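Please treat every number below as a calculation from the coordinates, not as lab data. Fair warning: this is a prediction, and the values are worked out from it, not measured in the lab. So basically every Cβ, Gly included, is an ideal-geometry build from the backbone, and we count neighbours across all protein chains shown.
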């Protein structure tokens, strides 16, 4: 258990520092992601090299549950500061290679693997911290603001990243990311977090992981959120295959691809803003249900793949649905997971998502060239509709 801090106001110093730090690091990371992709592609001339890099960064997620058990034993702040420092160092090495023309694909592969290991403990630690920064009654609003920071900066980074990399080069963008991560580490020094009480019961990591699985099994909200994580990761993976095929058939190419995902990200930002400002007010379970139905509608619209206005409309509806459902999921997690289990449960979710996406991508890749895009889109709509029905049955709307 933790000694909780008495958060009396929403915009307290700790949440503000965490929010601002997350926002600036999200922007720099989004720009660096564009730069990193171009750097690898320019140096190797092979898209497969980028695929291997991505796969190596995801590989450590297999061991995420054990890492989550370790996180729940540690003070909250050190993993966050150490994670940012390590990632800054890794990005510094890549920036140095870019500036000095000493590119090494082997080093990039190694850095991707190490970065995946760092993310394996940094992400659940960050998710564990967020609910402690605001009063419990402000969780939904705070989740909206965190979504705005993440989605807004990703949108700006993706749209402006290509221009910035073209003007200043990949090395500058990646070095900026390293500096932003160092700034986040510095800000975290001034964020007050609850102190974990010493553990009286001695258990090993596997026992702690089994305890987290038992908690998920006994809690209807957590069981549903685990299922949502698996199905949603699998349902959204085909988008990466469907959208390029639609845009190539329509003669829009990469421009249409960028416009689709830019529209989706913009709608996600709008949805988070509506929640954060209180325009959208409902119980987390009701918001989850309507968000899932919004995603059903989006995939139905996407099935009309030959009608471009409907395709772009699907991107907007999809973004709104994702933002609303994602905010609701964050609040349900904070309400349902005891503080001393958060690292383990969030790590379980990360492992499930990491397993679902590549499996579904492989399955869809085998059929995407042999069936119409509309069939795949309607299958995704059916999957999301099934989730909405199950959510209403398991959790209700209140």
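Dividing the helix sum by the residues of the chain, where each DSSP H run of 4 or more adds -39500 (n - 2.57), gives a mean residue ellipticity at 222 nm of -27000 deg cm²/dmol. Highest GNM mean-square fluctuation among 208, 369, 340, for the chain modelled with Cα contacts below 10 Å: 369. By the count of other C-beta atoms within 10 Å, a proxy for reagent exposure, 217, 245 are ordered fewest to most as 217, 245. If you plug the beta carbon distance of residue 240 and residue 10 into 1/(1 + (r/R0)^6) with R0 = 45 Å, you get a FRET efficiency near 0.80. Extending 7 Å from Cα along the Cβ direction at residue 210 and again at residue 20 yields two label points whose distance is 4.8 nm. Computed with the Debye formula from one identical point scatterer per Cα of the range 12-191, without solvent, the log10 of I(q)/I(0) at q = 0.11, 0.13, 0.15, 0.18 Å⁻¹ comes to -0.49, -0.69, -0.90, -1.24. Diffusion of the range 212-395 by Stokes-Einstein, at 25 °C in a medium of 0.890 mPa s and with Rh set to the Kirkwood radius over alpha-carbon pairs, works out to 144 µm²/s.
A simple packing score, the average count of other Cβ atoms within 10 Å per residue, orders the peptides 16-27, 102-113 as 16-27, 102-113, with the highest score first. Put one equal scatterer on each alpha carbon of the chain, apply the Debye formula with no solvent term, and list log10 I(q)/I(0) at q = 0.13 1/Å to two decimals. Normalising to I(0) and taking log10 leaves -1.23.
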